[in-house]
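Notes for the one structure printed next.
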Amino acid sequence: MPSPDARLLRACRGLPVDATPVWFMRQAGRYLPEYRALRARHGFLEMATTPEIAAEVTLQPVRRLGVDAAILFADILLPLPAMGAPIHFADGEGPVIDRPVRDAAAVEAMRVADPGDLGYVGETLRLVAADLPAGVALIGFAGAPFTLASYLIEGGRSESFARTKLLMWNEPGLFRLLMEKLAATTAAYLAMQIAAGAQAVQLFDSWAGCLAPGDYEAHVLPHSRAVFEAVRAAGVPAIHFAADGAGLLPLLAKAGGDVLGVDWRISLSRARELAGGVPLQGNLDPAVLLADPGAVLAATDRVLAEARGGPHLFNTGHGLTPETPVDTVRRVVDRVHEASAGRKPGWTGGRGRA
Ligand code: CP3
């Protein structure tokens, strides 16, 4: 059963820890042979929406790696169908929104999702919580309003986010209405996850890094802040992550979250200066995990060194890729725990492996 005193939860609160907690974005997925074995028999959405399968996939990396957290196996786009926008995943193409949302009629037709329609996610969390080793934290997550809006407007993956930006600039009232519906959906969805056992939540603003700081502040920040205020009321720590967000760090910190996730394009020491002392998560380049063992350990040690002087959750700066060697990931987990344990006199030991 999850413990409220897990190392990762202590780090989120800025409390002393016996070793640096570590987990990875996309720690469940195609680099794991046991994931590929299940995936050969089931579609991705079927896996994410079937609680028994999603719970098993959530636990796979916990068993294998000795990480300090399990992250719910789901996808940031799952609330969209519950808002009236069906999605599908095409092999090699990534996510696709069946009917992109680009005009007033489409925005007005979107509804705030009833979290009951996402009850399978709550069920997954309850199954995972019942099976989780002591000391391993359970993390829930959602997409931030801007990243979800960009998928809805673009219809899928985009390089330039041109349609999203044009709607934001040309029809700010309509854009705001869409963002408000997304923020309300996300707040209720995360509250449901917390009630089902999530002990911390991460908000993924994967594409916010495409924005100028002034546009982020005017059109995005208030909606992310609304989500963080709702999570704060629920009483669990929130992690705020934007890929390629170095130029936005002070504004991301202002929007909210107890922990700021950063990628490898900025050092953690510099990020700490910009973000003003908030606990940091990151920031190993996931591509390093494909390098020779010596380079992987050197990069891991560098992240730990740059994180010194403040609370830190070790992670990659973006999701693990399908090519990642599993043994390398496990070596990084061990290195983080060993190198950080006993850093501060009086703090000893390690959690040990289940
Ligand atoms: O981190 C975890 O282990 C938890 C599960 C998780 C997934 N997606 C599983 C997944 C999480 C937290 C996400 C978040 C997510 N989904 C984000 C935010 C993080 C980021 O990458 O910036 C985004 C943008 C999405 C949307 C999405 N879903 C994309 C772009 C893709 C990739 C498509 C592809 O084929 O590579 C997905 C699919 C997806 N989500 C997979 C997994 C394991 C691969 C699906 C498969 O097995 O084919």
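All of the numbers you see were taken from the coordinates with simple rules; none came from a lab. Small disclaimer: the values here were computed from a predicted structure and weren't measured. Note that each Cβ is placed from the backbone with ideal geometry, even for glycine, and that neighbours are counted across all protein chains shown.
Of all DSSP-defined beta bridges confined to the chain, some 20% are antiparallel rather than parallel. Relative to the dominant Cα principal axis of the chain, helix 172-195 is inclined by about 40°.
Computed on the range 7-340, with alpha-carbon pairs under 8 angstrom and 6+ residues apart, the relative contact order is 21 percent. With point charges of +1 on the Cβ of Lys and Arg and -1 on the Cβ of Asp and Glu, referenced to the Cα centre of the range 1-120, which listed residue (50, 112, 40) lies farthest in the positive direction of the dipole? Positive-most Cα among the choices belongs to 40.
Highest GNM mean-square fluctuation among 305, 339, 105, for the chain modelled with Cα contacts below 10 Å: 105.
Rounded if a/c is under 1.5, else prolate if a/b is larger than b/c, else oblate: which is the range 41-107, with a ≥ b ≥ c the root eigenvalues of its Cα gyration tensor? In terms of gyration-tensor shape, prolate.
Charged side chains reduced to their Cβ positions (Lys and Arg at +1, Asp and Glu at -1) give the range 7-340 a dipole of some 460 debye around its Cα centre. Extension gain, residue 180-residue 269: 0.36 nm per intervening residue step, less the Cα-Cα distance, totals 28.6 nm.
Classify the chain as rounded, prolate or oblate, taking a ≥ b ≥ c as the square roots of the eigenvalues of its Cα gyration tensor: rounded when a/c is under 1.5, otherwise prolate if a/b is larger than b/c and oblate if not. Prolate, since a/c reaches 1.5 and a/b exceeds b/c. Sorting the segments 37-46, 323-332 by their mean number of nearby beta carbons within 10 angstrom, highest to lowest, gives 323-332, 37-46. Where only DSSP H runs of four or more residues are counted, the chain gives -13500 deg cm²/dmol as its mean residue ellipticity at 222 nm, each run worth -39500 (n - 2.57). The modelled label-to-label distance for the pair residue 330/residue 41, using points 7 Å beyond Cα in the direction of Cβ, is 2.3 nm.
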